[in-house]
Structures are given as structure tokens and as C-alpha cells.
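Some notes on the structure that comes next.
The values are calculated or read from the model by the stated rules, or taken from the named source; none is laboratory data. All values reported here derive from a predicted model rather than from experimental measurement. Ideal geometry is used to build each Cβ from the backbone, glycine not excepted, and the neighbour counts take in all protein chains shown. All accessible areas refer to the heavy atoms of the entire protein, side chains included, with ligands and DNA or RNA removed. Shrake-Rupley method; radii C 1.70, N 1.55, O 1.52, S 1.80 Å.
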Amino acid sequence: MSIYVASCIIKNSLCDFAGRKGDSMFKKFISYYRPHRKLFALDMFCGLLVAICDLFYPIITRNIINVYVPNKQLQLLITWSVVMLLIYVAKACLNFVVQYWGHIVGVRMQADMRRDMFTKLQKLPFAFFDENKTGVIMSRMINDLQNVSELAHHGPEDLLISTITLVGAFIMLGSINIYLTVLVFLVLPLMIFFAIKTRGMMTKAFRDTRVETGKVNANVETAISGVRVSRAYTAGEYETAKFNEANKGYVAARARAYKSMGIFHSGMQLFSDMLYLVVLVAGGLFFFYGHINTGDFAAYLLYINIFLKPVNRLASLLEQLQDGMTGFSRFREIMEQATEAEDANAVDPGTLSGHIRFEDVSFRYDNSDEAEGKRQVIDHISLEIPAGKTVALVGPSGGGKTTLCHLIPRFYELDGGKITIDGMDLTTLQRSALRKNIGMVAQDVFLFDGTIRENIAYGNLSASEEAIIEAAKKANIHDYIMTLEQGYDTQVGERGIKLSGGQKQRISIARVFLKNPPILILDEATSALDNATEMLIQESLEQLGKGRTVLVVAHRLSTIKKADEIVVITRDGIQERGNHEQLLEKDGMYAALYRYQFRV
């Protein structure tokens, strides 16, 4: 019965949060119990026994006052005192199981949800990460799921114990004095009505708190990641002001939540106190007129205390329900995001030759809006990159050069046209198989917080030590690594902060050497480096590009003079194309850019 009640309450709460999707969300929530059902059953069984133990104390107390003490039955007094002691010891053991293993159930469910969420994030399209801040996602994964974990443990357990205690207390109270019991239970509908009326206010308050928590987390994550920039520009006060603004929003939202909680708890406490007062006055009158004896009156007062415990426990559960279901609702929002679409008949092309064709390709980002003056990033562009050739993209910022690079591995879906490799439409290829054929070296190198070895091995996670070292040698980073005290086991720090820009870039190049893909994309790979470092990196890139199809995005024209073809792209599309000498002879946009950079 209690499990049914628990299910109904959780289900109704989910429906409140998710509307018509409540049934589906309820099933999803319950599904996380299944792998841990044996431990959950143990927790619930122990909770049931705890509730039953609580019901014995008033009965024994009643008999001691009414029978054993007046009749001087010392042996029975001692016997039942020992029984009570054993009940308390057993109850302590049961409470340990409930508190420890019950929480373990919640933690394991939380871990399962976090695992599913992390797995889901790995499959979401890049557009999702363009629109959602890292700190907000982290808040959903950590803070929200922590509250879901607490609900998963305490929710059914509290409902079971409370239901058994309430039913048991009602039966025991009725066996003592049915009229007094009816009087007591007349107060309950008022308490329930009050709880329902205040729940809506709590729901909104807790949802607002979740949103503000995500904003604070996002602000902190950004501020910490950019601490060197803020220090360099002495913008500490500005960052502090931004944080204080987000922090104030959190405090205000939390204040509203605590206000709704305060109204709820103070109201419930008032009803509890009034209930106790009703029993005290009515019971006193019943005793005065001889309708109840001393032992019964004492037992009745004890049962009222027992009766109020589940009422208060249910009140706390209602608060926990708002918190947990808000968290689960936000968790499901991510879990229901559409993953990268892939044709069921998509094929693994194996190793590609790398002949790339853009055929009348158009693209805009999801947040692009013509009504707001935003435009197509790429508008009906056609371009061919023969296998084994190097094609460079140049031109002013905003022309879509980097976007074109991101379309080849299908980081985004086209709005129009198609892209083919070796004559095969990208949409007919398995994403993972396609991306295995593509290596990328970008201006903003991302290194994971780990060792140099681990970061190079990211190019091929099954690579041998010899292969990793050979890749490092090709990238001209091996000699430097060997000067470090821990060599390849040196920690690079968060985002590679312990290394210079050139060192990070060479590690990223070694990573691509290890991957050994037929298609190479170089997106401003040397633009952030000094001239001396750029020359060294350029040598590594030229070696890396041998025998591969290479697409280069560059602003420094000195790095692309040897390209087989140079394509000048602006916001109006492709303006010029040809090799270095041909474009200089045309004396167009490329020639103007070249003269500007080299002052010739």
C-alpha cells in the first residue's frame, strides 16, 4: 500500500513538473531502481520494521501503568522493560541499515544517472554546446542529481514508514478511544489542504533556485578559466561585480524558496501543535469524566507523538520532493535532447582517399535569425579539394572559413546542398568512421588535464609506447619532452597551462601524426605563435601534410604560399581562387592582402 502511495505521489509530482510527459518521466525515474532492487527491498523492509517497533512502545507503557505497577507484578515489569530494550537495540541496527544502505541506493542511482547523462552529452550535436554554458551543464550533473539521489533514498522510505506509522497509530488510537481518535483525525484534512495549497509556491521557488545555481556555476567556471586574462587586464573588480550580480540572483531565488519553506513548515508545525493541544484538552476532559484511565491517557499522548512524527516526515518529504523532482526534470531535459542524427543505413567507408566536394552548400547556425539581421554563414558555396592536394582558405573574418572546416566531419548539419568525400555523401557515412579519417589542428589547442603521453595517445588510444614516441619525434617535441624530469609522464595541467603555446601546438600535431588520417584540417594552426616558433611548427605541419588531403585556414599568407590552390572567401562567397603566383598576377583581393602583410 505504501509503495503504491509513494508511486502515486512521485508520479503526480512529475506530472506537475512535466505536464503530459509525467507518465514517461515517472517510468524513467522508477527504472533507475531496478538494478538496485534487492538493496532497495532490504532498505524498505528495515524501514517497515522500524515503523512497527515504534508502535510497540506506547502499548507496553500502557500495560506497565495500568497493570504491572498497580498490581506490583515486578517480574512482568522487568521482562517487558528488557523487551523494550531489545526493541530499541534492534531498532538501532535497523536504522543503521536504513541510513547507510538506503543512502547507498540513492548514491548508486545518482551514479547511474550521471553516467547516462555523461554518455548522452558525448552524443549531442555541437549546437547544444554552443547554446548551453559549461557551468550550467555541470550544475545539472552534480547539484541536481545530488538532490535526486536524496529523494530516491528518502522518498519511498519516508512514505513507507509514515504510512505504516499513521495507519498503526490510527488503529491503536481507535482501540483506546474511538471518539477521541475521530476528533484528532478531523484536523488532518485541514493539514492536507494547507500542504497542497503551499506546494505550488514551493515548486516554482525551487525551480528558480536551480536556474540561479546554474548561472552562478557558469559564472565561476568562466571566471576561473579566464583568470589570467582578467588579471592581465586588471578586470578583477569587473569579474567580482559580475559574480556578485549572479550571486544576488541566487540569494534572491533561495530567499523565495526559504520563504515558501518557512510558510509551509511553520503552518505544518502550527497544525501539529494545535493537534497536540486538542488531544491534551479533549483527553483531559475524557479523563476527568471517567471515559479514559491514566494508562490509556498516557498511551494516547505517546501515540500522538508517534502520529505527529510521520506527519512532520511527510512535510519534509514534500519539500524534498520539490527539490528532487525539479532536479530530475532538468536531468530529463538533457536526456531528451536529440542526438546527432545518423542514417540507419549509414556505412563505414574504411580508409578514405580524401577527395572532397562542396556542392551548393548553405549553412546557418541554429541561433541565426534573419529577422534580427543575422545571415547565412555559408551561402551556396561550391568547392573541390582533390585527394592528396593542399587547399588554403583565406579572407576576412566572418566569411565562413572555419565553419566550412567544421562541416567536413559533420559537426553541424547543412541547410542546403551536400558534401561528398570520394563521391560519397557525408550523410550516408557513419559519423565515427568519417571522423577517424580526419585530423584537426586548431589555433586554440585543447589539452586534457593529464600527462603528455595521455594527450598524444588521444590520437590513437590503443597506440604503443613506440608509436607515441615516434609521433612526438615527427612533431619535433620529443627532445623537449626528454628534458623534463618526468618525461612523457609530465602533467600538463588544466587545458595544458603548464606548457607554452608552441609546446601545446606540437603535442596536438603529434596527436594527429599518431592518428595518421588521410584528411587534415589546419585551422589557424600557427596564428597564435611567434615567428620563430611558427617556423618550427610549420616544418612539422608540412611533414604532417605529406600524402594527405589538407585544408588550411590561415591569415598569415606566408604559411600557405606552397598550397596547390588558394581560395579567397568573404561573406559574399568565393571571390578568387588559384595558386600563389596566379593570384598575385590577378592583382585582386589576395594580392592586396599579400602586399599589406609584406609591405611589398
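Comparison of Ile87, Ile65 shows that the only residue that is open to solvent by less than 40 Å² (accessible area, probe 1.4 Å), farther than 28 Å from Ile30 by Cβ and in contact (Cβ under 8 Å) with a residue 12 or more places away in the chain is Ile87. Within region 543-600, restricting attention to residues that are part of a loop (DSSP other than H, G, I, E, B) and among the acidic types (Asp, Glu), the residue that is nearest to Ala442 (Cα to Cα) is Asp564.
Here Leu277 fits the description: surrounded by fewer than 16 Cβ atoms within 10 Å (Cβ to Cβ), out of contact with any Lys or Arg (no Cβ under 9 Å at 6 or more places or on another chain) and within 18 Å of Pro189 (Cβ to Cβ). Return yes or no: is Val136 among the β-branched types (Val, Ile, Thr) and out of contact with any Asp or Glu (no Cβ under 8 Å at 6 or more places or on another chain)? It is true that Val136 is among the β-branched types (Val, Ile, Thr) and out of contact with any Asp or Glu (no Cβ under 8 Å at 6 or more places or on another chain). Taking only region 512-524 into account, find how many residues are assigned to a helix (DSSP H, G or I), touching a strand residue (DSSP E or B) at 6+ places or on another chain (Cβ under 8 Å) and buried (at least 22 other Cβ atoms within 10 Å of the Cβ). Of the residues in region 512-524, 1 are assigned to a helix (DSSP H, G or I), touching a strand residue (DSSP E or B) at 6+ places or on another chain (Cβ under 8 Å) and buried (at least 22 other Cβ atoms within 10 Å of the Cβ).
Of the residues Glu485, Glu466, Glu470, Glu454, the single one that is out of contact with any Leu (no Cβ under 7 Å at 6 or more places or on another chain) and assigned to a loop (DSSP other than H, G, I, E, B) is Glu485. Scanning region 73-84 for residues that are loosely packed, with under 11 Cβ neighbours inside 10 Å and under 15 Å from Arg62 (Cα atoms) yields a total of 0.
Considering each of Ala371, Ala315 in turn, give the residue that is assigned to a helix (DSSP H, G or I), at pLDDT below 70 and closer than 30 Å to Phe411 by Cβ.
Of Ala371, Ala315, the one residue that is assigned to a helix (DSSP H, G or I), at pLDDT below 70 and closer than 30 Å to Phe411 by Cβ is Ala371.
Please find, within region 555-600, the residue that is modelled with the lowest pLDDT out of those that are farther than 25 Å from Gly388 by Cα and among the hydrophobic types (A, V, I, L, M, F, W, C). Across region 555-600, the extreme among qualifying residues is Val600.
Looking at region 329-340, is at least one residue in a helix (DSSP H, G or I) and under 26 Å from Gly267 (Cβ atoms)? Scanning region 329-340, I find at least one residue that is in a helix (DSSP H, G or I) and under 26 Å from Gly267 (Cβ atoms), so the answer is yes.
From the list Glu237, Glu221, Glu245, the one residue that fits, being acidic (Asp, Glu), open to solvent by 40 Å² or more (accessible area, probe 1.4 Å) and modelled with pLDDT under 75, is Glu221. Looking at the structure I just gave you, is Gly155 within 20 Å of Arg313 (Cα to Cα), open to solvent by less than 20 Å² (accessible area, probe 1.4 Å) and under 26 Å from the mean Cα position of the chain (by Cα)? It is true that Gly155 is within 20 Å of Arg313 (Cα to Cα), open to solvent by less than 20 Å² (accessible area, probe 1.4 Å) and under 26 Å from the mean Cα position of the chain (by Cα). The lone criterion from (1) more than 22 Å from Ser362 (Cβ to Cβ); (2) touching a residue at least 24 places away in the same chain (Cβ under 8 Å) left unmet by Lys561 is number (2).
Which one is farthest from Asn147 (Cα to Cα), of the residues in region 90-127 that are open to solvent by 90 Å² or more (accessible area, probe 1.4 Å) and modelled with pLDDT of 85 or more? Of everything passing the filter in region 90-127, Phe96 is farthest from Asn147 (Cα to Cα).
Results for (1) open to solvent by 10 Å² or more (accessible area, probe 1.4 Å); (2) among the aromatic types (Phe, Trp, Tyr), shown as yes or no for each residue.
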residue	(1), (2)
Asp144	no, no
Glu150	yes, no
Ser162	no, no
Ala169	no, no
Ile178	yes, no
Val182	yes, no
Phe185	yes, yes
